[in-house]
Each structure stands twice: as structure tokens, then as C-alpha cells.
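The values are calculated or read from the model by the stated rules, or taken from the named source; none is laboratory data. Quantities reported herein were computed from a predicted structural model and do not represent experimental measurements. Cβ placement follows ideal geometry from the backbone for every residue including glycine, while neighbour counts extend to all protein chains displayed.
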Amino acid sequence: MVDISLSRREGRELDTATEATVIDHYDSIRGNPDAFVHSCLFIEWLLHSVTGSEPSHPMFHLIRGVQDNFAAGAPFWPVLCSGIEKALRLSGFAMELDRCTRCGCDSRGSSLWNASSGGIVCENCGSAGSEEIPPGLIVFLRKSRNGRLDEVRNLKLWRGGYRQCFDLMKRFAEVHMETRMNLKSLSVLEALENDR
Ligand SMILES: [Zn+2]
């Protein structure tokens, strides 16, 4: 991870790097294939979803926090999913987890999800385009929204639960960012997990 200072002269379109400092080499991530592929997947996600060239301190600290947690060792999936949830919020694409995204009523008891309307929907509004999702995913996402990464990393879901969570957020991001996310690191991660 590198802290880099850029400056741009008036009228120019390119930045000039004036200073670069290595903050952390993250040797423990590079030495652990599991940590490495989760780390690549998170960064690849950001390459798809973060646009613009303005510096963002919250995003910088989030990236650092995610990498620090990967460097600390397993588990990796909860950190990855929570990092993505937080990145979505910082990018202005928060998932709605409390109120029905169609009528606005309190829907904290609902587990109906509609990616295109922006999150959960109540029983009355759940129709075409809505899907029933495991309530545990919503509970996890709420905890991620309110908790620190080092707290969230200890949360456990059922087998395959974090992959479901990841896929849910990927579909959500693809709808709202109007892009297809073809994530190469995901295929590598799948190959690694299937080899076990
Ligand atoms: Zn509703």
C-alpha cells in the first residue's frame, strides 16, 4: 500500500507524482494464497466500482483496514463482504436494509429483496423482480453497516453463506452501476476453494 501525492498544473490533464511512500508491503498477504486472492478480489471490485480521481480519506482508510485484516489471517470472507458493503456505501450505493424500497414502510422483519429497487421490500410490495433471501444475510449486512471490520470478521454464516452475500452485492452493484463485473480473481478463488 502506497501513499502518493499528486499535483496537476493548471491547464494540464495529467498528474505529476511528487512524493510516494510505501506504507506497508503486506508480506503476510503475499505469502498466503488465500489472503492474496481475497485481497485481489477486493481491489478488483474497487477498480470496477470506484470512479473519479478525487482523493477520499474514508476509502483510503477502508482499503487499509481491509488489507490489515487480511494480513492478520483467516477468516477472509467476512472481511471481504463487509469491505464491499462499506465500499458500496462510500461510493453512494448503499443497500437499503430497514425500509421498504417501494413504499418506505418499516421492513425490518422482511427478507424479500429487490436489487433494482435498492434493497429490501415489504410483503405487500414483493412481486416480480423480488426474491426471498436468507434473513441471516440481512442481519450480517446490518452488522457490517454498524460495526468495525475487526468486529465483523468474527461473524459466522452457514457454509456458502458469504458467497451468497457476495453474489447478492455483485448483482446489486451491477444493476446500480450499470456495469458487468467480470472479476478474474473470483475464478482464481473458486479454483482454490474447489481444490480443497
Ligand atoms: Zn412496501
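Pull up the stretch 96-110, narrow it to residues that are near the ligand (Cβ under 10 Å from one of its atoms) and assigned to a strand (DSSP E or B), then point me to the one that is surrounded by the most Cβ atoms within 10 Å (Cβ to Cβ).
Keep residues of the stretch 96-110 that are near the ligand (Cβ under 10 Å from one of its atoms), which gives 99-107, 110.
Now drop any that are not assigned to a strand (DSSP E or B), which leaves 99, 106.
On the way: 99: 18, 106: 10.
This residue is 99.
Check the stretch 29-45 and report whether any residue there is among the hydrophobic types (A, V, I, L, M, F, W, C), more than 24 Å from the chain's Cα centre (by Cα), surrounded by 13 or more Cβ atoms within 10 Å (Cβ to Cβ) and within 30 Å of residue 177 (Cα to Cα). Full working, then the answer.
Filtering the stretch 29-45 for residues among the hydrophobic types (A, V, I, L, M, F, W, C) gives 29, 35-37, 40-43, 45.
Retained after the next criterion (residues that are more than 24 Å from the chain's Cα centre (by Cα)): none.
No - not one qualifying residue is present in the stretch 29-45.
Which is surrounded by 14 or more Cβ atoms within 10 Å (Cβ to Cβ), closer than 21 Å to residue 40 by Cβ and among the charged types (D, E, K, R), of 153, 180? Walk me through how you get there before you give the answer.
On the way: 180 fails: surrounded by 14 or more Cβ atoms within 10 Å (Cβ to Cβ).
Exactly one residue qualifies, and that residue is 153.
Suppose we keep only residues that are more than 15 Å from the ligand (Cβ to nearest atom) and assigned to a loop (DSSP other than H, G, I, E, B) within the stretch 111-140. Which one would you say is farthest from residue 177 (Cα to Cα)?
Out of the qualifying residues, it is 134.
Being in contact with a Pro (Cβ under 8 Å, 6 or more places away or on another chain) and among the hydroxyl-bearing types (Ser, Thr, Tyr) is the filter here, so list the residues in the stretch 145-196 that pass it.
162
Only one of these is surrounded by fewer than 20 Cβ atoms within 10 Å (Cβ to Cβ), hydrophobic (A, V, I, L, M, F, W, C) and at pLDDT 95 or above: 138, 120, 133. Name it.
Exactly one residue qualifies, and that residue is 133.
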